[in-house]
Amino acid sequence: MSTGQSVNASGASRRPWNKGKLVGPKPPLQPKHVWAIRTRLQLQRRTRDLALFNLAIDSKLRGCDVVALKVEDVAPHGYAVERATVRQRKTGRPVRFEITEQTRQSVDEYLRVTQRKPGYFLFGGRRGEERSFTTRQYARLVSTWVAMVGLDASLFGTHSLRRTKATLIYRKTGNLRAVQLLLGHTKIESTVRYLGVEVDDALAISEQVDI
């Protein structure tokens, strides 16, 4: 009978990483949650967290790509640009994203306070300026942010931030190809699965079109 535990090379039992955790696709944040988190971070003067949160929402990048951002990726001349391009770690393909005005302002303020320069990781880790955030550190921050506004942290993750703007764009436009490009997916089928597009979603979009 299985106990739900695995055994490592030394013969000791090891607790499964997902024991007691909810696994599966993480839902996107709702606009009201995005604004609530932004407001809390602004009131608490958490400059780094605000820049990181805003940039994660705008960029729609995977967590591993968010933490790997360099200063020159988004602020090559010392201030945030309107559009940026990075190469995705998972696919090796470049992806472009917009940086909205409020995100540029938060990034610029963060750079002013920290004096981070091109060549550095945008969000440095605890082990020195030459190290980036780890994806685990990023995930813990996301859990903290969602808990601040009364959400169950176990239901959300870094992919919630990646999905948030992409989901809104799809719901407003129904343009899967556009969302595919923004997410950097190589196949549109991946975008369909990622967004969880169902027949009801397609019908809802169709109902908005009169001929």
Inset, instruction - Need at least 3 residues that are crowded, with 20+ Cβ neighbours inside 10 Å per element, so show me which strands (runs of 3 or more DSSP E) inside region 23-142 make the cut, counting only ones lying wholly within it. - result: none
Inset, instruction - Starting from region 101-125, keep only residues that are in contact (Cβ under 8 Å) with a residue 60 or more places away in the chain, then list their pairs with residues that are open to solvent by 80 Å² or more (accessible area, probe 1.4 Å) whose Cβ atoms are within a distance under 6 Å, requiring at least 6 positions of separation or different chains. - result: 110/48
Inset, instruction - Can you confirm whether region 105-119 contains a residue that is closer than 13 Å to residue 51 by Cα, in contact with an Asp or Glu (Cβ under 8 Å, 6 or more places away or on another chain) and modelled with pLDDT of 95 or more? - result: no
Inset, instruction - For residues that are under 11 Å from the mean Cα position of the chain (by Cα) and either of a type in the set (D, E, K, R) or over 12 Å from residue 27 (Cα atoms) (or both), tally how many sit in region 139-176. - result: 5
Legend entry - Residues within region 177-211 that are within 20 Å of the chain's Cα centre (by Cα), at pLDDT below 85 and open to solvent by 80 Å² or more (accessible area, probe 1.4 Å), tallied: 1
Inset, instruction - Return yes or no: is residue 162 open to solvent by 30 Å² or more (accessible area, probe 1.4 Å) and at negative phi? - result: no
Legend entry - Test result for residue 80, closer than 28 Å to residue 178 by Cα and touching a Pro at 6+ places or on another chain (Cβ under 9 Å): no
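The values are calculated or read from the model by the stated rules, or taken from the named source; none is laboratory data. This structure is a prediction, so every number in the text was calculated from the model and none was measured. Positions of Cβ are generated from backbone atoms using ideal geometry, with glycine treated the same way; all protein chains shown enter the neighbour counts. SASA here: full protein model, heavy atoms, side chains in, ligands and nucleic acids out. Shrake-Rupley method; radii C 1.70, N 1.55, O 1.52, S 1.80 Å.
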